[in-house]
Structures are given as C-alpha cells and as structure tokens.
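The structure under discussion appears below in the form of structure tokens.
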Amino acid sequence: MKKLLILLFSLLFLSSPSVFADDISDFEIEGISIGDSLLDYMTKDEILKEIERTKDFYLHLNEPNEYAEVYLYKKLKTYDVVSFIVKTSPSNEFITNKNEKYTILAIYGSLDFTGDFDNCFVKRNQIALKLSELFPNSEKRETIYKNSADSSGRSIVDAIYFDYDSGDGFEASCSDLEETLRIKRNWSDVLYVAIKSEEARSWMRNKN
C-alpha cells in the first residue's frame, strides 16, 4: 500500500512511518504519486490550458517547453496548491490507455508563507527532521541558492534535499521571492514539499 506523504501545520505524517522505501512512486502528495497520469485528476482541456498559462515559467532553461508545470487548486485537503511537472506533448497521441499520457514526473505541495519567511524556515526544519527519519537510505544535502527565475538575483530558495542514487529525490524548501517579481508574476513565498523523478530534476538543472 502506498504511504501518504502529507504536510500538516504541526507534523509530517505517513500512513506507515515504520516502513521505509526507496521507490518514490510509493509516496503520495494529496493522494497523487509519481508515475500517475494527470488525466486521472484533471481533464485534458484543463491540462492544456495550464500548459499554455505556464509556458513562460521556465524560460531560463535550455529547453523551456520540453516539459510544463500544471497547477491543481481544487479538492485539496492539506496544501494550498499542488503542481506537477509533465511532458508538454505525450509521446504518442494515439495511445488509448490514458495512464500513458501526461505522466507525472514531479509533484509539489505548497503552503503560502508570504511575508513570513522565518516561520516557513521553522516549519521546513521540522519537516526535514521527519524526512531524515523516513528516508534513511537517501543522501541529505542543504543549500541556499538564488532563484534562477529571477535575473536580479534577489530571490532565494533555502532548501534541503534527500537524494537517491537513481537521481530521484525529495525536497523541503522555503522560497523567498523579490517583491517586484512576486507581484509581477502573481507568485507567493511558499513552503514546498516535493517528490521529483530523475527526469524532472535533470531538466530543471539544464539552465541557459
């Protein structure tokens, strides 16, 4: 049975915390796992509308439109927003099995901490401590870096990563955006809990 990865305001719970796993597809955010088809949770029209809306989000990457980020706001129990990384075009439009289309490669659960970075940092550390216990076979690394979406260099991400040899991994981070960019893009300062496949992570590292 898949273990449910849920962030609550006080604790991070898994449905079976005594059981550890190395396969990221065993874990869920809002009941959704890596490898699921996004068509199980959204219509094709909703997905295509989101792909069009977010098409400029990754212009800082070498292949900005190879993949896309799709946001889901409805029917969420824990997070303010959940987003997904999927390929912009399914490999075969004639496949009839919908699970072969819009395969989810990364999942982000986020909570709004705009103007409250200190509390975001405290909550992030609580989550990271729990993740360290849950994923003992992963390599933990901490970093603070400039958000590549901000050319001014004034937006930062304070992140803790848990990496597997496969390249897959987990992330708990706080994003602190430069105010002008945040308002222009209608973004928020957020706490992220993320599950990422090696494919999605490789794409995101491929910067201009």
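The values are calculated or read from the model by the stated rules, or taken from the named source; none is laboratory data. Because the structure is a prediction, the values reported are computed rather than measured. All Cβ positions, even for glycine, are placed from backbone atoms using ideal geometry, and neighbour counts span all protein chains on display.
If you scan region 68-88, which residues turn out to be of a type in the set (Ser, Thr, Tyr) and closer than 16 Å to Met42 by Cβ?
Residues of region 68-88 that are of a type in the set (Ser, Thr, Tyr), as a first pass: 71, 73, 78-79, 83, 88.
The answer is Tyr71, Tyr73, Tyr79, Ser83, Thr88.
Of everything in region 135-148 that's at pLDDT 90 or above and either in contact with a Cys (Cβ under 9 Å, 6 or more places away or on another chain) or of a type in the set (Lys, Arg) (or both), which residue is farthest from Asn206 (Cα to Cα)?
Lys140
Considering only residues of region 78-101 that are at pLDDT 90 or above and either touching a helix residue (DSSP H, G or I) at 6+ places or on another chain (Cβ under 7 Å) or among the basic types (Lys, Arg) (or both), which is surrounded by the most Cβ atoms within 10 Å (Cβ to Cβ)?
Quick first cut of region 78-101, residues at pLDDT 90 or above only: 79-86.
Then keep just the ones that are either touching a helix residue (DSSP H, G or I) at 6+ places or on another chain (Cβ under 7 Å) or among the basic types (Lys, Arg) (or both); that gives 84-86.
On the way: Phe84: 27, Ile85: 25, Val86: 23.
Within region 78-101, the match that is surrounded by the most Cβ atoms within 10 Å (Cβ to Cβ) is Phe84.
Just to be sure, is Asp40 modelled with pLDDT under 85 and on the phi < 0 side of the Ramachandran plot?
Details: modelled with pLDDT under 85: no; on the phi < 0 side of the Ramachandran plot: yes.
Considered against the rule, which asks whether it is modelled with pLDDT under 85 and on the phi < 0 side of the Ramachandran plot, Asp40 comes out as no.
Which residue out of Ile29, Ile24, Ile47 is touching a helix residue (DSSP H, G or I) at 6+ places or on another chain (Cβ under 8 Å) and crowded, with 16+ Cβ neighbours inside 10 Å? I'd like the intermediate steps shown before the answer.
On the way: Ile29 fails: touching a helix residue (DSSP H, G or I) at 6+ places or on another chain (Cβ under 8 Å); Ile24 fails: touching a helix residue (DSSP H, G or I) at 6+ places or on another chain (Cβ under 8 Å).
It is Ile47.
Among Lys140, Lys196, Lys123, which is the only one that is surrounded by 13 or more Cβ atoms within 10 Å (Cβ to Cβ) and under 24 Å from Val86 (Cα atoms)?
Working: Lys140 fails: under 24 Å from Val86 (Cα atoms); Lys123 fails: under 24 Å from Val86 (Cα atoms).
Exactly one residue qualifies, and that residue is Lys196.
Got at least one residue in region 155-169 being part of a strand (DSSP E or B), among the hydroxyl-bearing types (Ser, Thr, Tyr), at pLDDT below 90 and within 15 Å of the chain's Cα centre (by Cα)? Full working, then the answer.
Taking region 155-169 first, the residues part of a strand (DSSP E or B) are 156-163, 169.
Pick out the ones that are also among the hydroxyl-bearing types (Ser, Thr, Tyr) and you get 161.
Within this subset, residues satisfying the condition of being at pLDDT below 90 are none.
No, region 155-169 contains no residue that is part of a strand (DSSP E or B), among the hydroxyl-bearing types (Ser, Thr, Tyr), at pLDDT below 90 and within 15 Å of the chain's Cα centre (by Cα).
Looking only at region 147-158, decide whether some residue is surrounded by fewer than 14 Cβ atoms within 10 Å (Cβ to Cβ) and polar (S, T, N, Q).
As a first pass, look at region 147-158 and keep what is surrounded by fewer than 14 Cβ atoms within 10 Å (Cβ to Cβ): 151-153.
Subsequent filtering for residues that are polar (S, T, N, Q) retains 151-152.
Looking through region 147-158, at least one residue is surrounded by fewer than 14 Cβ atoms within 10 Å (Cβ to Cβ) and polar (S, T, N, Q).
Considering only residues that are over 16 Å from Trp187 (Cβ atoms), touching a residue at least 24 places away in the same chain (Cβ under 8 Å) and either assigned to a loop (DSSP other than H, G, I, E, B) or touching an Asp or Glu at 6+ places or on another chain (Cβ under 9 Å) (or both), which ones fall in region 52-69? Walk me through it before giving the result.
Let us first name the residues in region 52-69 that are over 16 Å from Trp187 (Cβ atoms), namely 52, 61-68.
Narrowing further to those that are touching a residue at least 24 places away in the same chain (Cβ under 8 Å): 61-63, 66-67.
Hits for region 52-69 are Asn62, Glu63, Glu66, Tyr67.
Taking the options Ser188, Ser202, Ser151, Ser132, name whichever one is modelled with pLDDT under 90 and in a helix (DSSP H, G or I). Write out each step before concluding.
Details: Ser188 fails: in a helix (DSSP H, G or I); Ser202 fails: modelled with pLDDT under 90; Ser151 fails: in a helix (DSSP H, G or I).
Checking each option against the conditions leaves just Ser132.
Determine, yes or no, whether Val193 is under 20 Å from Leu111 (Cα atoms) and touching a Leu at 6+ places or on another chain (Cβ under 9 Å).
Details: under 20 Å from Leu111 (Cα atoms): yes; touching a Leu at 6+ places or on another chain (Cβ under 9 Å): yes.
So Val193 passes the test.
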